[in-house]
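Worksheet for the structure shown next.
The values are calculated or read from the model by the stated rules, or taken from the named source; none is laboratory data. Nothing here was measured: the structure is a model prediction, and the numbers come from that model. All Cβ positions, glycine included, derive from the backbone under ideal geometry; neighbour counts span all protein chains shown. All accessible areas refer to the heavy atoms of the entire protein, side chains included, with ligands and DNA or RNA removed. Shrake-Rupley method; radii C 1.70, N 1.55, O 1.52, S 1.80 Å.
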Amino acid sequence: MEDNKVSLDKEPQGRAGGYRNAIMAGAAAIAVGVGIAVWQPWLDRDPFTAYQVGLQEAQYTVPGSSPGTCVRTAASEEESVIYDEDGERLAVGRDPKEGEVLGPEFGEFAGDCLFTSHIDAVPGGKGTYVVQWGGGTRSKYSEEDMRESAELQKERFKTKRKSDFKPSLED
């Protein structure tokens, strides 16, 4: 019968073996870090519907088809295009023909016409988006702002003043 004994004495690896193991462990850690940074599992990459809320002063609107609605007398149903920061076109939507007349709870904006556009299938995970309305000025928005509900955006007009209102952030 053959004895299968294992020696408890380790053979010395020497400094070269120790350095090799340290380098391999370091390279593995770097590879995992780079992989996670590229993958970014914390980003929500699901497509979402972006809401853009805008106002038209009452003097530039006429009554809509039903009480409490309004229609712009100028540029109506304009196209909104969403781009990534590199200029790639991501999604397109159109402003509605009719908006909502704001009530007295909206202070200085009472009587103005609020339009809510929704833009479907915006790819998530881009961080910053560039929105161009009607072929005009491009404005930058964070993904957090783009994902915000139309109702929450509308509520902000209750506490804002017209003098503070800036409809876009120019490039």
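Just to verify a result, which residue in the stretch 54-89, among those that are under 18 Å from Asp120 (Cβ atoms) and open to solvent by 30 Å² or more (accessible area, probe 1.4 Å), is farthest from the chain's Cα centre (by Cα)? The extreme case among them is Glu77. Residues that are more than 25 Å from the chain's Cα centre (by Cα), modelled with pLDDT under 95 and part of a strand (DSSP E or B) within the stretch 90-110 comprise just one, Glu98.
Taking the numbered list (1) modelled with pLDDT under 90; (2) open to solvent by 40 Å² or more (accessible area, probe 1.4 Å); (3) within 22 Å of Glu144 (Cβ to Cβ) in turn, Tyr19 passes all entries but (3). The set of residues from the stretch 87-109 being over 19 Å from Ala150 (Cβ atoms) and either among the aromatic types (Phe, Trp, Tyr) or out of contact with any Lys or Arg (no Cβ under 8 Å at 6 or more places or on another chain) (or both) comprises Gly87, Glu88, Arg89, Pro104. Filtering the stretch 136-158 for residues that are among the β-branched types (Val, Ile, Thr), under 15 Å from Val81 (Cα atoms) and assigned to a strand (DSSP E or B) leaves an empty set.
For the stretch 124-134, a residue qualifies if it is under 9 Å from the mean Cα position of the chain (by Cα) and not in a strand (DSSP E or B), and the qualifying residues are Gly124, Gly125, Lys126, Gly127.
Picking from residues in the stretch 91-125 that are under 18 Å from Leu152 (Cβ atoms) and aliphatic (A, V, I, L, M), the one that is surrounded by the fewest Cβ atoms within 10 Å (Cβ to Cβ) is Leu114. Restricting attention to the stretch 60-71, does a residue exist that is touching a Leu at 6+ places or on another chain (Cβ under 7 Å), closer than 30 Å to Arg147 by Cβ, at pLDDT 70 or above and assigned to a strand (DSSP E or B)? No; the residues of the stretch 60-71 include none that is touching a Leu at 6+ places or on another chain (Cβ under 7 Å), closer than 30 Å to Arg147 by Cβ, at pLDDT 70 or above and assigned to a strand (DSSP E or B).
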